[in-house]
Amino acid sequence: MIMNKRIAVFAVYILCYCFFLQKVAAYNPAVINGTLRGAEGKEIHLMVSPNYLSDEPVTLQKKLIESDGCFSFEIQVSAIIPVTLSINFYEITFFVAPGEHYSLNGKTVLFDNSINPFIVHPRLPL
């Protein structure tokens, strides 16, 4: 009888601990840092798709890429979600998790203004 109570108390403790860890992780921001040479001074957009049926991205943040090619975003997420980074018509999509830190380093990007974005959807070299 005493052993069953100990097991029950231990199980409740583990469940509460797991629940607490999940809640703490849900309030930690995901941090995205990166370097993209050739895009200095251009505006980079951080977008998410809140509706998977329509797949219409919503821009959460916009920033100018610094003169050394660096950029940084901080986003509050409560679950693993896909995010998209976009510069002009160039973009890349990846998944982020709550409380994680992502460091993206890219090759030098050459922006081609003759690309038709309705035919070719170029990717950022990250």
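Bear in mind these aren't lab numbers, they're just calculated from the coordinates by the rules spelled out. Remember, predicted model here, so these are calculated numbers, not experimental data. We place every Cβ from the backbone using ideal geometry, glycine too, and count neighbours over all the protein chains shown.
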Quiz item: Restricting the count to DSSP beta bridges whose residues both fall in region 29-105, what percent are antiparallel, rounded to a multiple of 5?
Solution: 85 percent
Quiz item: What residues qualify as long-range amide H neighbours of Tyr102, i.e. H under 5 Å apart, gap of 5 or more or another chain, H built at 1.01 Å from N?
Solution: Val31, Ile32, Asn33
Self-check item: Nearby aspartates and glutamates by direct alpha-carbon distance to Lys62 (threshold 13 angstrom, same-chain neighbours under 8 apart not counted)
Solution: Glu43, Glu74
Quiz prompt | Residue order, fewest to most surrounding Cβ atoms within 10 angstrom, among Tyr102, Tyr90 | solution = Tyr102, Tyr90
